[in-house]
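Have a look at the structure below before the remarks.
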Amino acid sequence: MKTTSQLRALIKKGTVLVPGSWDAMSARMVEKMGFDAVYMTGWGASLSTLGRADLTYITQTEMLQVAHHITTVVNIPLIADIDDGFGHILNVQRTIELSQKYGIAAVQIEDMAAPKRCVNVGGGRLIPAEDMVKKIKAALAVRYDPDFIIIARTDNHEGIDELEKRARIYAEAGADLIYPLGLTAKSDIERISKAISIPLMIEQIGAGKTPLMTRAEAEELNVKIFAYTLESVVCAYEANRQFLERLASLQDDKNKKLELGPTFKQLVQLEHFVDIEKEEENQLKFFPRC
Amino acid sequence: MKAAKTLRSLMQKGVVLVPGVWNCLSAQMAETMGFEALYMPGSTISVTYVGKPDYAYITQTEMLEMAERVARVVNVPLCVDIDDGFGNPLNVQRTIEICQKIGVAAVQIEDMVPPKRCANVGGGHLGPAEAMVAKIRSAKDAKEDQDFIVIARTDNYEGIDELIRRGRLYAEAGADMLYPVGALTREDFKRISTEVPLPLMDTPLGGGKSPVFSLTESQELNIRLSVYSLDPFATAYRGLMSFLEELNKLHTHRENIMPLEYGIPAMEDFYKICNLDKTEQSVAKYF
C-alpha cells in the first residue's frame, strides 16, 4: 500500500502516535521500534543539516532532500514539516509535487511570516489568512494522489478567536487536518476541534505551551496525529552534549581517561536499525568471501 | 577572495565584456576564448537545471550548486544572479555567505516580488524600496571580503524617476553597482549614470526593450559590466532545436540518413576545453 493510503487508514482507525525524526537514521529507529508513522521536524532538520536556528534558512531543496533520504529507507508514512511551503504559491506547488514524487505521506504547512518564531518561543507574526488560503488551494491543485495529506498549521499569535477563524477557513479551503500551536488549555483545543469538521494534529513538547495529555484524551479531542515532534532531537543532542562535556574535562587533565560504555556493542545494535543483516547478505551476493 | 578583487580591478580599467554561462562547459568555453569574467543568469539555470520557467521556482541551493560547480572549474570572476536573494534578509545573508565561500565574485539581487517578470517581458511588480534596502544592508553586513560585489537590480516598472530614486537609495544602503532593466532610452541611461552614484551593469539583449550599446558608448554611460546574459544560452539551445527538428524528420522519412556535422571531433574539442591535457597527464602517471 502507498504510504499516503497507509496514513489515511491509520487516521481512520484512531489517534496515531508519531515520534519526530531529523534524518534517515533517526527515522529508521522510529520504524524499527514499531511506530506506525514518523514525523520530520524542520527545526531538527535545520539544526542538524545546517547548524542554524529554525528561522527559514533551510531551503526547499535541503528540507526535501532530508525527507527523501527518510522515505527511501522507511516503509511507514512520513509526515514532513515544509515550513511556509518555501516561498510563494508557485514554490508551494513545486514543494507539493516533489513531496509526492518523494513518497512523503503528509506535509505540514504554516501561516507564519518571516522571520518565523514558533509560538512556544513567541514574537512571531502571521501572514494574512487569505494568503494562507491561497497556498492551501494551490497545494490542493497539484495533489495528484488524493490520499496525500495537507496539514495546515496555525500558531496562536493573535489569540484563540483568530485561531478558530483561521482553523475554519483553512478547513473550508480543503486542508485535511489543522495543527493549532500554542493553546495552553485543553478546553481551547476542544473549542477548535468542535469548530471544524476535520481532525487535528497536536504536538507534545516538554515545556511547550500545548498541555501534555494521554492518547485517550487526545482521541477525545479528535486529534488524529499525536506527534512528539522535538523530543527525540533534544534527547539525542543532549546525550551528545553530555558526552562532549565529559570529554572536554580531559583538556585540563592529561592524566585522566574516560570510562566508556560498550560502544562497539551499541554500534552493532544501532546497525540493526539500518538493516545490517540485509546489507551483509547483499554484499555476500556480489562480493563472495575469499 | 581573489575573484572579487580581480573583477574590481578589471572594472577599474574599463567596461568588462561578459558572456552569460549556465553550466561548466559553457563557462569553460567562455574562459578558453579569453573572456575575463562570466555571468550566470537565473533564467537559464531555471530552464536547464529545473525545467521550469524563471518564475522564482529555483531554490538557493539549486542556483548556488551550479554556481559552485562553475566557480570550481574556471579561474575568471563569476557573477551570479541570486534573484531576490531567495527570501528574507536572513536568506540573503546565507546566500552571500555561501557565495563568498564558493568563490563567486559578484551577485545581482533584485527588488521584484513574486511572481517575477523581467521588465523586458512586462507584467511584474516591484516590492517596497525599503524591503530591498533591508536586503542590501543585510548583504553588506554579510560581506567578509570587502571586495565582494553586490549589484542591485531594479526593473523599470514605475518610471525612470522611481528607478533613479531607488538607485540612489540602494547606493546609500551599500550596493556596489546598479543594474537597471527594461525599456530605457539612451537619455534614461545618461540620467541614471549622472544621478545615481554607482557604476552600472547593462544587459544588451536580443529582443530587449533597451538600446544595445557599443563598448565605447557603454564606457561613456558609466557601464562597467556589459553582460550578454541570454544570447549565448539561446544560441546553444536554438542549435539543439534545429538538430532535433532534423532528426525528427526521420520518423516520417525512414529512407533518409541524417547528415551529421560534429560527432567525435567536436567531443574532442570540448574535452580540450575541459582540461583534457591535465587528465591525460594523470592517466599517464597513475595507470
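Leaving out same-chain residues fewer than 8 places away, which lysines sit with a Cα under 17 Å from that of B:LYS5?
Hits, sequence-local ones excluded: B:LYS13, B:LYS101, B:LYS140, B:LYS143.
Please find, in a Gaussian network model of chain B (springs between Cα atoms separated by less than 10 Å), the residue of B:GLU261, B:GLU158, B:GLU130 whose mean-square fluctuation is greatest.
B:GLU261
For a quick check: with amide H placed at 1.01 Å from N, whose amide H comes under 5 Å from B:TYR228's, ignoring anything fewer than 5 positions away on the same chain?
Long-range HN contacts for B:TYR228: B:VAL18, B:GLY20.
For region A:18-111, calculate the relative contact order in percent as a whole number, restricting contacts to Cα pairs under 8 Å that are 6 or more residues apart.
28 percent
Which of the peptides B:182-192, A:264-274 is most tightly packed, and how do the rest follow, going by the mean number of other Cβ atoms within 10 Å of each residue?
B:182-192, A:264-274
Under a GNM of chain B (C-alpha, springs under 10 Å), which listed residue has the highest mean-square fluctuation: B:GLU268, B:GLU172, B:GLU31?
Judging by the Gaussian network model, the answer is B:GLU268.
Per-residue HN-Hα couplings for region A:268-278, Karplus 6.51 cos²θ - 1.76 cosθ + 1.60 at θ = phi - 60°, whole Hz, x for Gly and Pro?
4, 4, 5, 5, 4, 5, 9, 6, 4, 4, 4
Suppose we keep just the alpha-carbon trace of the protein assembly as shown; what are its Rg and Dmax in angstrom?
Expressed in Å, the Cα Rg and Dmax of the protein assembly as shown come to 27.6, 85.
Helix A:231-248: angle to the longest alpha-carbon principal axis of chain A, degrees 0 to 90, nearest 10?
In chain A, helix A:231-248 runs at an angle near 40 degrees to the longest axis.
Considering chain A as a Gaussian network with a 10 Å cut-off on Cα pairs, which listed residue, A:ASN255, A:ASN120, A:ASN222, attains the greatest mean-square fluctuation?
A:ASN255
Which is farthest toward the positive dipole end of chain A among A:VAL274, A:ALA138, A:THR154, measuring Cα position about the Cα centre, with Cβ charges +1 (Lys, Arg) and -1 (Asp, Glu)?
A:VAL274
Per-residue Cβ counts within 10 Å, from other chains only, averaged over A:48-58: what number is that?
Per residue, the average neighbour count from other chains is 2.
Which of the peptides B:53-62, B:114-123 is most tightly packed, and how do the rest follow, judged by the mean count of other Cβ atoms within 10 Å per residue?
Packing order, densest peptide first, comes out as B:53-62, B:114-123.
So what J values fall out for region B:235-247 if you push phi through Karplus, 6.51 cos²θ - 1.76 cosθ + 1.60 with θ = phi - 60°, rounded to Hz, Gly and Pro as x?
For region B:235-247, the Karplus-derived couplings read 4, 4, 6, 4, x, 4, 4, 4, 4, 5, 4, 5, 4 Hz, x marking Gly and Pro.
A 27 angstrom limit on the alpha carbon distance is what I want to check against. Which of B:LYS2/B:LYS278; B:LYS209/B:LYS272; A:LYS101/B:LYS249 exceed it?
Check vs 27 Å cut-off fails for B:LYS209/B:LYS272; A:LYS101/B:LYS249.
Can you give the FRET efficiency to the nearest 0.05 for A:GLU259 and A:LYS285, using r as the Cβ-Cβ distance and R₀ = 35 Å?
My answer for the efficiency is 0.30.
List the residues whose amide H sits under 5 Å from the amide H of B:ARG153, counting only those 5 or more places along or on another chain, with H placed 1.01 Å from N in the peptide plane.
B:ILE109, B:GLU110, B:ASP111, B:TYR179
Per-residue counts of other Cβ atoms within 10 Å, averaged by peptide: what ranking do you get for A:155-167, B:272-284, highest first?
A:155-167, B:272-284
Counting partner chain Cβ atoms within 10 Å of every residue's Cβ in B:47-56, what's the average?
Per-residue shielding by partner chains comes out at 1.
Among all the lysines, which ones have a C-alpha under 18 Å from A:LYS135's C-alpha, if same-chain residues fewer than 8 places away are not counted?
Correct list for A:LYS135: A:LYS116, A:LYS165, B:LYS116.
Would you list which aspartates and glutamates come within 16 Å of B:LYS285, measuring only between C-alpha atoms, while excluding same-chain residues fewer than 8 positions from it?
Answer for B:LYS285, where 16 Å is the Cα cut-off: B:ASP277, listed by chain and number.
Gap in Å between the Cα centre of region A:83-148 and the Cα centre of region A:180-229?
Here the two parts' Cα centres lie 20 Å apart.
Once phi is turned into ³J(HN,Hα) by the Karplus curve 6.51 cos²θ - 1.76 cosθ + 1.60 with θ = phi - 60°, what whole-Hz value does each residue of region B:255-267 show in order, with x for glycine and proline?
The phi angles translate into 8, 6, 10, 6, x, 10, 9, 10, x, 4, x, 5, 4 Hz.
Take peptide B:88-95, look around each residue's Cβ out to 10 angstrom, count Cβ atoms belonging to other protein chains, and average those counts.
That works out to 4 on average.
Okay, helix-only estimate at 222 nm for the protein assembly as shown: each DSSP H run of n ≥ 4 adds -39500 (n - 2.57), divide by all residues, round to 500 deg cm²/dmol; what do you get?
Dividing the helical sum by the residues of the protein assembly as shown leaves -14500 deg cm²/dmol.
Once amide H atoms are placed 1.01 Å from N in the peptide plane, what residues at a sequence separation of 5 or more from B:ASP81, or on another chain, have their amide H within under 5 Å of its amide H?
Long-range HN contacts for B:ASP81: B:MET40, B:GLY42, B:GLN108.
Does chain A come out rounded, prolate or oblate by the C-alpha gyration tensor, with a ≥ b ≥ c the root eigenvalues, rounded set by a/c under 1.5 and, if not, prolate when a/b is larger than b/c and oblate if not?
Prolate.
The numbers here are math on the coordinates, done by the rules we state, and not lab data. Since we're looking at a predicted model, the values are computed, not measured. Neighbour counts run over all protein chains shown; Cβ positions are idealised from the backbone, glycine included.
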